[in-house]
Amino acid sequence: MSNKKIQIIFLLAGLIWLGFFLFISLDVIFKILFFILFCIDAVAAIKPKLGLFLLIIARPCLDILTGRPVIQTENFSLNFASLLAVMVILFSAVIIIKNFSGIKTLPLKYSWLVFIALVLVSIFYSFNAYLSLAESLRLLSILAIYCLAYFLLNSESDLKNLIKIIIASVVIPSLFALWQFFADTGLNVPFEGIYNRIYGTFAHPNLLAYYLLLPLALSLYLFLSGHKKQIGNILYFLFSGYLIIILALTFTRGAWLSFLIVMAVIGVFRYRALLIATVIFMALTYLLIGPINYRVNDLLSGSSGSSIQWRLDLWNDAKEYIKDRPWFGYGAGVANELILKKRGERFGSSDPHNDYLKIAIENGLIGLLAYVSLIISLFISLIKKYSVAGRTRFQILILTAIGLSIAFYIMSAADNILRNTALEWSFWALIGAILSVKNKKDPGLSRETGG
């Protein structure tokens with residue numbers, strides 16, 4: 001496909017966004033959002049890499065608004081997240097067609113396609129087809145971002161730029177979060193004894209917390225693998241400290257544990273001092289800061305009102321629902337509605353707080369098997385890449401990605417990681433770029449520096 005044809009396709013997409021902006025009755029916020037999408041679409045038509053980078057920056061900044069309906073009727077609702085997903089899917093389709101001969105080299109393609117196929121098929125037997133369609137688009141957008149990164153970011157220079165973009169993507173959300181803390185406008189959870197949980201531009205503190213892990217880990221990677229006394233690396237170290245403070249103020253225990261897991265993986269295999277420093281820092285934080293001490297103690301208390309006990313009760317109930325449709329489930333994206341319908345509102349949130357349980361409910365044991373196969377394939381690909389990278393900065397980056405993967409997929413058993421679309425976009429963009437880069441001699445990532 002020629003560049004001229006690609007630009008025509010993007011022009012048509014841009015006209016669609018412009019049509020929403022001009023002819024559909026929308027409030028001011030949505031007009032601004034559609035104008036942003038129009039600008040990103042225009043940039044992507046001329047500079048696809050830059051278009052991808054803008055999408056990665058924009059998604060966490062707009063997270064809190066993505067659930068708002070753009071068009072709503074009695075039986076149908078189209079939200080901004082679905083429109084954004086469609087845009088990314090079309091963008092990816094154009095790039096894939098242009099690079100069609102490279103499809104055979106795309107890692108994880110079969111694992112991804114099997115899982116996505118099961119999700120798409122579930123639309124036709126779902127008890128809420130609209131929810132299943134929206135979830136299918138969301139998951140397809142994650143695959144689309146992975147494909148875009150793989151085909152567009154195939155040099156070490158591109159990979160370095162992506163890392164910096166992911167780090168930059170948290171600046172606006174974290175500044176909003178910091179303002180919430182000082183203005184005392186965060187989320188209050190009185191029955192848990194937690195007040196002023198910051199969430200920035202995200203819909204919930206947990207979403208911000210888990211997203212923070214990615215730029216935090218990458219900032220530490222740039223500091224650890226570079227010359228420690230260079231001003232740029234010192235700034236990455238200071239920014240890491242800032243992100244750790246923001247992470248603490250979300251009061252998201254799962255994200256705290258995830259941070260410890262990432263540091264443990266990097267520390268055990270590469271930087272022992274980092275692991276020791278992390279453990280000492282977290283122990284002192286626990287001992288000296290009262291709210292964090294309380295939050296951890298509540299997790300370990302095992303009381304009837306604790307978060308762990310609440311999750312166990314929810315999971316025990318949800319497991320019974322799987323027995324009615326064990327193989328292919330109830331349809332993608334319907335777990336929340338099903339749990340709410342079965343349990344009612346008196347037990348609190350209907351989020352499964354377990355991605356594996358969510359997929360088992362929605363896509364059955366077959367869907368769960370496909371998802372686990374995708375995770376296993378991801379680890380195999382990263383470990384293979386790590387084993388041939390040698391002692392380079394690139395190997396440290398792969399190790400960081402492995403640590404993040406371990407943390408996310410462990411915590412997927414106790415939280416809603418897969419629902420964090422902003423995180424999934426940035427994470428799979430990083431994976432796509434890492435798997436695209438060849439292990440070749442290049443002073444940018446191939447030579448480890450230090451000191």
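Quick note: the coordinates plus some simple rules give every number you see, no bench work behind them. The structure presented is a predicted model; accordingly, all values stated were derived computationally and were not measured. Reconstructed Cβ throughout: ideal geometry from the backbone, glycine too, with neighbour counts over all protein chains shown.
Rounded, prolate or oblate, given the Cα gyration tensor of segment 251-293, with a/c below 1.5 counting as rounded? Let's see the in-between values first.
Numbers: a/c = 5.15, a/b = 1.67, b/c = 3.08.
It comes out oblate by the Cα gyration axes.
Is the chain rounded, prolate or oblate when judged by the Cα gyration tensor, a ≥ b ≥ c being the square roots of its eigenvalues, rounded requiring a/c under 1.5 and prolate requiring a/b larger than b/c? Rounded, because the longest to shortest axis ratio a/c is under 1.5. As a length-normalised measure over Cα pairs under 8 Å and 6 or more apart, the relative contact order of segment 134-245 settles at 18 percent.
3J(HN,Hα) along segment 360-374, derived from phi through the Karplus expression 6.51 cos²θ - 1.76 cosθ + 1.60 where θ = phi - 60°, amounts to 4, 5, 7, 10, x, 5, 5, x, 5, 4, 5, 5, 5, 4, 4 Hz, with x in place of Gly and Pro. Couplings 3J(HN,Hα) of segment 413-419, computed from phi: 7, 9, 7, 9, 5, 5, 6 Hz, in residue order, whole Hz [Karplus 6.51 cos²θ - 1.76 cosθ + 1.60, θ = phi - 60°; x for Gly and Pro].
Per DSSP H run of at least 4 residues, take -39500 (n - 2.57); add these up for the chain, divide by its residues and hand me the 222 nm value, nearest 500 deg cm²/dmol.
Values: 18 runs with 316 residues, N = 451.
My calculation for the chain gives -23500 deg cm²/dmol from helical runs alone.
The string of couplings for segment 259-276 from the Karplus curve (6.51, -1.76, 1.60, θ = phi - 60°) is 4, 5, 5, 4, 5, 5, 4, 5, x, 5, 8, 9, 10, 4, 4, 4, 4, 4 Hz, one whole number per residue in order, with x for Gly and Pro. Counting neighbouring Cβ atoms within 10 Å and putting the fewest first, the residues Cys147, Cys39, Cys61 line up as Cys39, Cys61, Cys147. Close amide H partners of Ile194, meaning residues 5 or more places away or on another chain with modelled amide H under 5 Å apart, are Val189.
Take Lys109, Lys384 and order them by how many other Cβ atoms sit within 10 Å, fewest up front. Please report the intermediate quantities before stating the final value.
On the way: Lys109 16, Lys384 13.
By the 10 Å Cβ count, ascending, the order reads Lys384, Lys109.
If you take every residue apart from Pro326 with its C-beta less than 14 Å away from the C-beta of Pro326, what net charge results, scoring Lys and Arg +1 and Asp and Glu -1?
Numbers: positive: Lys319, Lys323, Arg325; negative: Glu320, Asp324, Glu362.
Spelling it out: positives minus negatives among the neighbours equals 0.
For the listed residue pairs Lys47/Lys438; Lys319/Lys385; Lys31/Lys319; Lys47/Lys109, the alpha carbons are over 31 angstrom apart in Lys319/Lys385; Lys31/Lys319.
Sort segment 135-206 into rounded, prolate or oblate with this rule: let a ≥ b ≥ c be the square roots of the eigenvalues of the Cα gyration tensor; rounded if a/c is under 1.5, and if a/c is not under 1.5, prolate when a/b is larger than b/c, oblate otherwise. Oblate is the answer for segment 135-206, as a/c is 1.5 or above yet b/c matches or exceeds a/b. Once backbone amide H atoms are built at 1.01 Å from N, Val70 has Leu78, Asn79, Phe80 as its partners under 5 Å, excluding neighbours fewer than 5 places away on the same chain. Residues Ser377, Ser240, ranked from the fewest to the most other C-beta atoms within 10 Å, line up as Ser377, Ser240.
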